[in-house]
Amino acid sequence: MKTLTVKAKVHNLSRVLAFINKELDSAGCSKKSTFQIDVAVEELFVNIASYAYAPGSGDVTISISISEDPAVAEITFLDAGVPYDPVSKSDPDVTLDAEKRTIGGLGIFMVKQSMDELLYDRRDDLNITTIRKKI
Amino acid sequence: MLNINKTRDGGKLCVALEGRLDTTTAPELEASLKEELDTVNELIIDLAKLEYISSAGLRVLLAAQKAMMKQGSMVVTNPNDVISEIFEVTGFSTILTIE
């Protein structure tokens with residue numbers, strides 16, 4: 001398992017993705033799965049950066065482990081911010097026309113659609129958010 | 001990293017995107033469109049060289065679509081396979097005109 005701790009700030013997104021992509025690359029992850037995992041990591045990280053500690057700041061610890069046979073990437077986000085459970089977030093209505101569409105909730109919806117699992121736990125005042133995907 | 005290449009021909013604006021349209025680069029596209037969208041009646045957004053899009057990018061496309069519905073037309077061209085799939089999953093394939 002590899003771990004990275006950064007300030008939960010949007011400007012650290014490229015650092016987080018570089019860390020994740022390095023591990024996915026060395027595991028031979030397909031381009032498509034890499035894209036989908038990048039989107040999921042971005043949506044979850046940006047959510048934490050935007051809301052977990054607002055208006056203050058704090059850290060987020062991201063860990064990645066990749067199992068073999070079956071090859072599954074598991075990525076966990078740990079933050080000590082306000083409780084936030086993305087799993088229970090209701091899905092946006094993706095059938096509305098452009099006039100009525102808003103973007104709220106779309107990021108988490110994309111995570112749920114593209115990952116095999118999205119899990120949430122609250123333990124010791126920490127948000128523990130995990131995604132899993134076969135690669 | 002996002003490159004925005006704009007070509008203007010009267011009321012027609014073609015915006016070719018190259019690279020990644022994500023949380024960090026979406027504000028660049030938003031600002032770039034804002035500069036001249038008022039005087040555009042035909043907007044073409046070419047995604048041929050766009051590799052990546054997240055919800056932040058979708059938000060800018062939706063805002064542009066809403067603006068252009070009042071003053072003309074907007075077409076999104078050449079999305080790659082994974083971006084097309086994102087458009088499908090999010091329902092954007094029905095609210096955008098994709099060619």
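The values are calculated or read from the model by the stated rules, or taken from the named source; none is laboratory data. Keep in mind the model is a prediction, meaning the values are calculated, not measured. For neighbour counting, all protein chains shown are included, and Cβ atoms are generated from backbone atoms with ideal geometry for every residue, glycine included.
What do you reckon, is A:Asp25 at positive phi and surrounded by fewer than 17 Cβ atoms within 10 Å (Cβ to Cβ)? Here the answer is no, as A:Asp25 does not meet what is asked.
Just one of the listed residues (A:Ala73, A:Ala54, A:Ala98) is modelled with pLDDT of 90 or more, surrounded by fewer than 20 Cβ atoms within 10 Å (Cβ to Cβ) and hydrophobic (A, V, I, L, M, F, W, C), namely A:Ala54.
Yes/no matrix, rows are residues, columns are (1) assigned to a strand (DSSP E or B); (2) farther than 20 Å from A:Ile103 by Cα:
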| residue | (1), (2) |
| --- | --- |
| A:Thr5 | yes, yes |
| A:Leu17 | no, yes |
| A:Gly28 | no, yes |
| A:Ala40 | no, no |
| A:Asn47 | no, no |
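Among the residues of segment B:30-51, those that are within 19 Å of B:Ile86 (Cβ to Cβ) and among the aliphatic types (A, V, I, L, M) comprise B:Ile45, B:Leu47, B:Ala48, B:Leu50. Just one residue in the set A:Lys89, A:Lys7 is of a type outside the set (S, T, N, Q), more than 11 Å from chain B (Cβ to nearest Cβ) and over 21 Å from B:Gly91 (Cα atoms); that residue is A:Lys7.
Residues satisfying the criterion are absent from segment A:16-23 (criterion: facing chain B (nearest Cβ under 10 Å) and within 24 Å of B:Ala63 (Cα to Cα)). Screening A:Lys32 on (1) among the charged types (D, E, K, R); (2) farther than 19 Å from A:Met115 by Cα; (3) within 14 Å of chain B (Cβ to nearest Cβ) shows it passes everything except condition (2).
Is segment B:63-75 home to any residue that is more than 12 Å from every other protein chain (Cβ to nearest Cβ) and not polar (S, T, N, Q)? So far as segment B:63-75 goes, yes, one or more of its residues are more than 12 Å from every other protein chain (Cβ to nearest Cβ) and not polar (S, T, N, Q). Would you mind telling me which numbered condition in (1) away from chain B (no Cβ under 14 Å); (2) within 14 Å of the chain's Cα centre (by Cα); (3) of a type in the set (A, V, I, L, M, F, W, C) A:Ala27 fails? For A:Ala27, the exception is condition (2). Residue count for segment A:17-31, restricted to those that are at pLDDT 95 or above and either charged (D, E, K, R) or touching a Leu at 6+ places or on another chain (Cβ under 7 Å) (or both): 4.
If the condition is being surrounded by 14 or more Cβ atoms within 10 Å (Cβ to Cβ), more than 9 Å from every other protein chain (Cβ to nearest Cβ), out of contact with any Pro (no Cβ under 8 Å at 6 or more places or on another chain) and not in a strand (DSSP E or B), then segment A:101-124 contributes A:Lys112, A:Met115.
Just to be sure, is A:Tyr120 farther than 22 Å from B:Thr24 by Cα and under 16 Å from the mean Cα position of the chain (by Cα)? Answer is yes for this residue.
Considering segment B:76-99, the residues that are facing another protein chain (nearest Cβ under 10 Å) and among the charged types (D, E, K, R) include one that is farthest from A:Met110 (Cα to Cα), namely B:Asp81.
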